[in-house]
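Visitor: This structure is in structure tokens; I'll ask about it shortly.
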Amino acid sequence: MGKLMDETGEIGIRYLGVARQATFADVVDENGWKIRSRGHRSFPNTYEKINAFTFPTPQAGADIALWRYNQDEYKESFCSASTWNQLRSKKERVTWRKLVWFSQAVPHHSFMAWLTFRNRLSTGDRMRLWGITQGCTLCGEVNETREHLYFACPFSFMIWLNTAGQLIGEGITPDWDDTIVSLLQPGRTRLDSILVRMAFQTVVYTIWRERNSRRHRGDAYSYY
Ligand SMILES: [Zn+2]
């Protein structure tokens, strides 16, 4: 239940006759819990909850450590999923989740797509905050942003168009927000829906890799 102090405050531990620094061993003996019955008047719920609880005895064996599965469930084995669910703060589901996580996806590409959706790639606009100047290494545009790379950049858009143009059809666009809409468009067959998402992730990944290798080679857009 947690600390008695948190449940009742200073006054409660006095009514119940439990010393401030008391441990479990101090408040139990072979007859049961050593709490004062007059605590019942002021803290009936706490008093009854404690007394309803089986008190520890040497016959019951040694203490063991248990993992909490949820609010009231404890087990001996560890479960990363239930631990994570207790630690994390849940947020609204994002509309683009199906464009990032799906069973056929290449994990490495999924991760890159996730970074891209979160706008966490170190694009020029973000590098500027760290005092580094970086234009688009693919076309020379001064202001390199996520929206530029996907797919306002003429170089990227040609790759995107050639890869997914047939699958997406008329809806293919250089605009980032409209691209998400076009990818989430309902009415595709299951296979097309998988293909279009794989194509998207592969292009996002490949363009980012190409952008980086040009940046490291220092031959930005030299082919133009
Ligand atoms: Zn560009």
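Every number in this text was worked out from the coordinates using simple rules, so none of it is lab data. Because the structure is predicted, anything quoted here is derived from the model rather than measured. Don't worry about glycine lacking a Cβ; one is built from the backbone with ideal geometry, like all the others, and counts go over all protein chains shown.
Visitor: Are there any GluC sites (Glu not before Pro) in the range 17-103 that are in a DSSP loop and have at most 10 other Cβ atoms within 10 Å? List them by number.
Guide: Values: sites: Glu30, Glu48, Glu73, Glu76, Glu92; in loops: Glu30, Glu76, Glu92.
In loop regions of the range 17-103 (DSSP not H, G, I, E or B), the sparsely surrounded GluC sites (Glu not before Pro) are Glu30, Glu76, Glu92.
Visitor: Using the Cβ atoms and a cut-off under 13 Å, what net charge is assigned to the surroundings of Trp208, where Lys and Arg are +1 and Asp and Glu are -1?
Guide: Taking every other residue near Trp208 into account, the sum is +4.
Visitor: Can you give the FRET efficiency to the nearest 0.05 for Gln59 and Thr23, using r as the Cβ-Cβ distance and R₀ = 25 Å?
Guide: Rounded to the nearest 0.05, the efficiency is 0.80.
Visitor: Can I ask one more? With just the Cα atoms of the chain, tell me how far they stretch along each of the three principal axes, in Å, largest first.
Guide: Answer, in whole Å and largest first: 88, 47, 33 Å.
Visitor: Which one of Phe111, Phe53, Phe200 has the biggest mean-square fluctuation once the chain is modelled by GNM with Cα springs under 10 Å?
Guide: Answer for the Gaussian network model of the chain: Phe53.
Visitor: Please determine, in degrees from 0 to 90 and to the nearest 10, the orientation of helix 190-217 with respect to the longest principal axis defined by the Cα atoms of the chain, where the helix direction is its Cα long axis.
Guide: Helix 190-217 sits roughly 80 degrees off the main axis of the chain.
Visitor: Continuing with the same structure: Taking K and R as +1 and D and E as -1, what net charge do the other residues with C-beta under 13 Å from the C-beta of Gln166 add up to?
Guide: Numbers: positive: Arg188; negative: Glu170, Asp192.
Charge balance near Gln166 sits at -1.
Visitor: Figure the gain on full extension for Glu10 and Trp67 (residue separation times 0.36 nm, minus the Cα-Cα span) and round it to one decimal in nm.
Guide: 17.5 nm
Visitor: Within the range 133-158, list the residues whose amide N lies under 20 Å from a label point set 7 Å along Cα→Cβ of Asp178.
Guide: Residues passing the 20 Å test: 145-158.
Visitor: Next question. How charged is the neighbourhood of Ser182? Take every other residue with its Cβ under 13 Å from the Cβ of Ser182, and add Lys/Arg as +1 and Asp/Glu as -1.
Guide: On the way: positive: Arg188, Arg197; negative: Glu170, Asp175, Asp177, Asp178, Asp192.
Result for the local shell: -3.
Visitor: Would you mind classifying the range 97-217 by shape? Square roots of the alpha carbon gyration tensor eigenvalues, ordered a ≥ b ≥ c; an a/c under 1.5 is rounded, otherwise it is prolate if a/b is larger than b/c and oblate if not.
Guide: Judged from the Cα gyration tensor, the range 97-217 comes out prolate (a/c at least 1.5, a/b above b/c).
Visitor: For the range 1-108, what is the per residue volume of the convex hull drawn over the alpha-carbon atoms, in cubic angstrom?
Guide: 178 Å³
Visitor: Given the DSSP H assignment, sum -39500 (n - 2.57) over each helix run of at least 4 residues in the chain and divide by its residue total; what's the result at 222 nm in deg cm²/dmol, nearest 500? Don't jump to the answer; show the numbers that get you there.
Guide: Details: 10 runs with 105 residues, N = 224.
Taking each H run of at least 4 residues, the total per residue is -14000 deg cm²/dmol.
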